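The values are calculated or read from the model by the stated rules, or taken from the named source; none is laboratory data. Model, not experiment: these values are computed from the prediction. Cβ placement follows ideal geometry from the backbone for every residue including glycine, while neighbour counts extend to all protein chains displayed. Accessible surface is based on the protein model in full, side chains and every heavy atom, while ligands, DNA and RNA are left aside. Shrake-Rupley method; radii C 1.70, N 1.55, O 1.52, S 1.80 Å.
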Amino acid sequence: MAILKQEGDKLVYRFDGETLMIEPWGRDGLRVRAAKVSRIDEAQDWALLERPAHGAVSIACDGQLGQIENGNIRCKVGQYGRLTFYNAGGEKLLEERWRKKEDYNDHSPLGIDAREFRPIPGGDMHLTLRFESDREERIFGMGQYQDPFFNFKGCTLELAQRNSQATVPFALSSKGYGFLWNNPAVGRATFGMNYTEWVAESTRQMDYLIIAGDKPSDIVERLADATGKVPMMPEYGMGFWQCKLRYRTQEELLEVAREYKRRGLPLDVIVVDFFHWPMQGSWRFDPDYFPDPAAMVEELNQMGIELMVSVWPTVDQNCENYNEMLENGYLVHTDRGVRTNMQYLGNQVFMDPTNPGTRQFVWSKAKQNYFDKGVKIFWLDEAEPEYSAYDYDNYRYYAGPDLQVGNIYPCAYAKTFYDGMIASGVEAPMNLLRCAWAGIQRYGAIVWSGDIQSDFNALRTQIPIGLNMGLCGIPWWTTDIGGFTGGDPSDPEFRECLVRWFQFGCFSPVFRLHGYRKPFTMDYKEAQNGGGSFGTGGPNEVWSYGEDNYEILKEYLFLRERLRPYIRELMRQAHEKGTPVIRPLFYEFPQDEAAWGEEDSYLFGERLLVAPVTQMGARERRVYLPKDSKWTCAWTGQVYEGGQTITAAAPLERIPLFLRDGATLPIQG
């Protein structure tokens, strides 16, 4: 016979070797954990911080049936531990999907359990969790997937990290709830029309958080309470960042910075990309190409510019640190075959940041060779990590098998540098990563969308990606302006794409120009090691795209500067409440049904609607203006009533912008 009872402020169900535990978690949230033929591990929190404070909790049970209520959410426990979630108004939010003969609600012969634990040889479990589906529901969030969808209803998503794919398993529903799959295992999520399914290929227990809210903003703020908030962004993060693949020498980089200053252009950050090192895993400048890093940083700082340096987690097998890291267990293990995780100008193994010893070792090298020379920002590339073969079943970490814990890698990588920088006196660390998992924002992580193509199709896809990342509690997000792969600065079509992307970048949380531009060159006259062993892309500075376009790009550089007080306010909101910097229209207008369908325009903060141009040759575009507000064109001053779709002029030099309810922002210089 099943047993359901109250244990403190938790409701616990036990039957046939399964233990199910439901407890309040912050405001309006319930955390649900279950294990089969084992005890629940209450010490493992994964994405979650210590339990946030909650309000009054109501629990009732009779030994078989019961319910638990925390603020705006209520869970009923039915026969066989069947869970159904409601909001305070009694509206059903989510219901487990059972198909059992014994279940009086269904009496179905399918024999399907909502919580299905299938043993894997060796003792762990393959977990499937199923819920009933609502056809009209819309699903947002889930991280970063290079698909042309904002609403994921009807989609299946791989829960695994890849270059340009970041799994952040938080689903925000139009029905008024948020669902965090608090499990870093490789798996999948399916938001089908017939049912919703979450799968972990290997795990020890089920763990999720469900939050109810009257508005999307309520849910996102509760998520931030549970998983953490970003630090306050440093002032130098809010302006313009110059980057390309790659500045090969100290003098080359300094000359670009000097040229920005000669032209009177604002520049906050300039970047040293990869292969500035003697070998992967040395975590230091190659003295042949960067002879005096401290002097380089000092000159940049005198110009008001910070230096960001690329760091890879790869350790070449011929590197000076390889043997010590191997001896101490600081490298990713390979269960089968040769101990090589990646082949990129050599044979490499990834460092294992889930090991606390690894984190201390790597930071000690980065501190000595970068931080102590004045570097304040790190570009933590390859954060998935980018295995040459994504054979997740073949890798093993200190924290467990890749199949079971692999999605946590980018968080552990970010924590390596965050903890080191905090210990070294940095109040608000800020580093750039190519991947993410839930909770990474609390480690000062800016996430960018990876090595995407340099075309309009990729540009269109980045808009819903950025919005979904913000809804997952990750407000610091950006792209490579112009895309990463390809793009010829002399090609008129790419120049237009670059201009339109630059305009979008101006109204992104981080304004960063990067790319591997044509022509690609390899100078074998230099030594074929260290920085000389890899080539570089073509020019990628704002003056590289023709004089007419330079004038347009320059205008947006100064526009970003004029908006700095407003951006500072948005970053303060992100820090204090977890509020996204870029927001879907429905975030501010949840009662406007039409706003839920808009996916190629967004709000930059609460006062500015941005409508990027994402079609080659387009000189106008449709824009939906949410109802219950008045909207003023930032360029012409024309006022529009909300609740209508207009055709906005979009000459090449203009991105359509609309100010909400008489807001004043310094758009025009």
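Considering only region 172-185, I want to know if a residue exists there that is buried (at least 23 other Cβ atoms within 10 Å of the Cβ), touching a Cys at 6+ places or on another chain (Cβ under 6 Å) and in a loop (DSSP other than H, G, I, E, B).
no
State all residues of region 47-68 that are out of contact with any Asp or Glu (no Cβ under 7 Å at 6 or more places or on another chain) and closer than 26 Å to residue 439 by Cβ; if no residue qualifies, say none.
If the condition is that a residue be out of contact with any Asp or Glu (no Cβ under 7 Å at 6 or more places or on another chain) and closer than 26 Å to residue 439 by Cβ, then 47, 48, 49, 50, 51, 53, 54, 55, 68 are the ones that fit.
Under 8 Å by Cβ, and 6 or more places apart or on different chains, what pairs join a residue from region 545-562 that is within 24 Å of residue 608 (Cα to Cα) with one that is among the aromatic types (Phe, Trp, Tyr)?
Taking only residues 6 or more apart or on different chains, the pairs are 552/502; 553/502; 553/545; 556/502; 557/240; 560/240; 560/511.
I want to confirm something. Restricting to region 412-439 and keeping residues that are without any contact (Cβ under 8 Å) to a residue 40 or more places away in the chain and surrounded by 24 or more Cβ atoms within 10 Å (Cβ to Cβ), which single residue is farthest from residue 474 (Cα to Cα)?
Here the residue is 418.
Which condition number in (1) touching a Lys or Arg at 6+ places or on another chain (Cβ under 8 Å); (2) open to solvent by 30 Å² or more (accessible area, probe 1.4 Å) is the one that residue 542 fails?
(2)
Test of understanding: among 324, 320, which residue is part of a loop (DSSP other than H, G, I, E, B) and either open to solvent by 10 Å² or more (accessible area, probe 1.4 Å) or within 30 Å of residue 120 (Cα to Cα) (or both)? Can you show your working first?
On the way: 324 fails: part of a loop (DSSP other than H, G, I, E, B).
Testing whether each residue is part of a loop (DSSP other than H, G, I, E, B) and either open to solvent by 10 Å² or more (accessible area, probe 1.4 Å) or within 30 Å of residue 120 (Cα to Cα) (or both) leaves just 320.
Determine which member of the set 48, 83 is in contact (Cβ under 8 Å) with a residue 24 or more places away in the chain and touching a Ser or Thr at 6+ places or on another chain (Cβ under 7 Å).
Just a single option satisfies the conditions, and that option is 48.
Select from region 601-631 the residues that are assigned to a strand (DSSP E or B) and touching a Gly at 6+ places or on another chain (Cβ under 7 Å) and write down the one among them that is surrounded by the most Cβ atoms within 10 Å (Cβ to Cβ).
625
Which of the residues belonging to region 397-410 are touching a residue at least 60 places away in the same chain (Cβ under 8 Å) and either open to solvent by less than 10 Å² (accessible area, probe 1.4 Å) or more than 17 Å from the chain's Cα centre (by Cα) (or both)?
397, 398, 401, 402, 403, 404, 405, 406, 407, 409, 410
Quick test for you: out of 218, 225, 288, pick the one residue that is touching a residue at least 12 places away in the same chain (Cβ under 8 Å) and either touching a Cys at 6+ places or on another chain (Cβ under 6 Å) or part of a loop (DSSP other than H, G, I, E, B) (or both).
Answer to the check: 288.
Hey, can you tell me all the residues within region 553-600 that are polar (S, T, N, Q) and either buried (at least 22 other Cβ atoms within 10 Å of the Cβ) or in a helix (DSSP H, G or I) (or both)?
573, 579
Could you go through region 84-96 and let me know if any residue there is polar (S, T, N, Q) and touching an Asp or Glu at 6+ places or on another chain (Cβ under 6 Å).
Going through region 84-96, the residues polar (S, T, N, Q) turn out to be 84, 87.
So of that shortlist, the ones also touching an Asp or Glu at 6+ places or on another chain (Cβ under 6 Å) come out as 84.
Within region 84-96, one or more residues are polar (S, T, N, Q) and touching an Asp or Glu at 6+ places or on another chain (Cβ under 6 Å).
Test residue 81 against the stated conditions and say whether it is in contact with a strand residue (DSSP E or B) (Cβ under 6 Å, 6 or more places away or on another chain), under 26 Å from residue 226 (Cβ atoms) and of a type outside the set (D, E, K, R).
The answer is yes for residue 81.
Being buried (at least 22 other Cβ atoms within 10 Å of the Cβ) and of a type outside the set (A, V, I, L, M, F, W, C) is the filter here; which residues of region 362-378 pass it?
370
Report those strands (runs of 3 or more DSSP E) wholly inside region 355-433 carrying at least 2 residues which are hydrophobic (A, V, I, L, M, F, W, C).
377-380, 431-433
The rows are residues; the columns are (1) on the phi < 0 side of the Ramachandran plot; (2) in contact with an Asp or Glu (Cβ under 8 Å, 6 or more places away or on another chain); (3) crowded, with 22+ Cβ neighbours inside 10 Å.
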| position | (1), (2), (3) |
| --- | --- |
| 212 | yes, yes, yes |
| 218 | yes, yes, no |
| 227 | yes, no, yes |
| 249 | yes, no, no |
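Can you report the number of residues in region 624-657 which are over 19 Å from residue 505 (Cα atoms), touching a residue at least 24 places away in the same chain (Cβ under 8 Å) and aliphatic (A, V, I, L, M)?
Residues meeting the conditions: 4.
For residue 275, which of the numbered conditions (1) assigned to a strand (DSSP E or B); (2) in contact (Cβ under 8 Å) with a residue 40 or more places away in the chain fails to hold?
Single failed check for residue 275: (1).
Can you tell me how many residues within region 467-493 are in a helix (DSSP H, G or I) and open to solvent by less than 10 Å² (accessible area, probe 1.4 Å)?
Residues flagged as in a helix (DSSP H, G or I) and open to solvent by less than 10 Å² (accessible area, probe 1.4 Å) within region 467-493 amount to 5.
Output the residues belonging to region 632-644 that are of a type in the set (A, V, I, L, M, F, W, C), farther than 18 Å from residue 598 by Cβ and either assigned to a strand (DSSP E or B) or open to solvent by less than 30 Å² (accessible area, probe 1.4 Å) (or both).
634, 639
Name the one entry in 63, 26 that is open to solvent by less than 40 Å² (accessible area, probe 1.4 Å), farther than 28 Å from residue 409 by Cα and part of a loop (DSSP other than H, G, I, E, B). Break it down into steps so the answer makes sense when it comes.
On the way: 26 fails: farther than 28 Å from residue 409 by Cα.
Every option except 63 fails the conditions.
Of (1) outside any helix (DSSP H, G or I); (2) open to solvent by 10 Å² or more (accessible area, probe 1.4 Å); (3) on the phi < 0 side of the Ramachandran plot; (4) not hydroxyl-bearing (Ser, Thr, Tyr), residue 295 satisfies all except one. Which?
Of the numbered conditions (1) outside any helix (DSSP H, G or I); (2) open to solvent by 10 Å² or more (accessible area, probe 1.4 Å); (3) on the phi < 0 side of the Ramachandran plot; (4) not hydroxyl-bearing (Ser, Thr, Tyr), the odd one out for residue 295 is (1).
Within region 645-664, is even one residue among the charged types (D, E, K, R), farther than 30 Å from residue 223 by Cα and either touching a helix residue (DSSP H, G or I) at 6+ places or on another chain (Cβ under 9 Å) or exposed (fewer than 14 other Cβ atoms within 10 Å of the Cβ) (or both)?
Yes, region 645-664 contains at least one residue that is among the charged types (D, E, K, R), farther than 30 Å from residue 223 by Cα and either touching a helix residue (DSSP H, G or I) at 6+ places or on another chain (Cβ under 9 Å) or exposed (fewer than 14 other Cβ atoms within 10 Å of the Cβ) (or both).
Looking at (1) closer than 20 Å to residue 274 by Cα; (2) surrounded by fewer than 21 Cβ atoms within 10 Å (Cβ to Cβ); (3) in contact with a Lys or Arg (Cβ under 6 Å, 6 or more places away or on another chain); (4) among the polar types (S, T, N, Q), which is the only condition residue 394 fails?
That leaves (1) as the condition not met.
Do the conditions hold for residue 73, that is, is it surrounded by 14 or more Cβ atoms within 10 Å (Cβ to Cβ), under 26 Å from residue 1 (Cα atoms) and not small (Gly, Ala, Ser)?
It is false that residue 73 is surrounded by 14 or more Cβ atoms within 10 Å (Cβ to Cβ), under 26 Å from residue 1 (Cα atoms) and not small (Gly, Ala, Ser).
I want to confirm something. Restricting to region 82-107 and keeping residues that are exposed (fewer than 13 other Cβ atoms within 10 Å of the Cβ), more than 29 Å from residue 28 (Cβ to Cβ) and of a type outside the set (Phe, Trp, Tyr), which single residue is modelled with the highest pLDDT?
The initial filter retains those residues of region 82-107 that are exposed (fewer than 13 other Cβ atoms within 10 Å of the Cβ), namely 89-91, 101-102, 104, 107.
Restricting the remaining residues to those that are more than 29 Å from residue 28 (Cβ to Cβ) gives 101-102, 104, 107.
With of a type outside the set (Phe, Trp, Tyr) added as a condition, the list becomes 101-102, 107.
Details: 101: 72, 102: 68, 107: 64.
For region 82-107, the residue satisfying everything is 101.
Out of curiosity, is residue 158 open to solvent by 10 Å² or more (accessible area, probe 1.4 Å), at pLDDT 95 or above and assigned to a strand (DSSP E or B)?
yes
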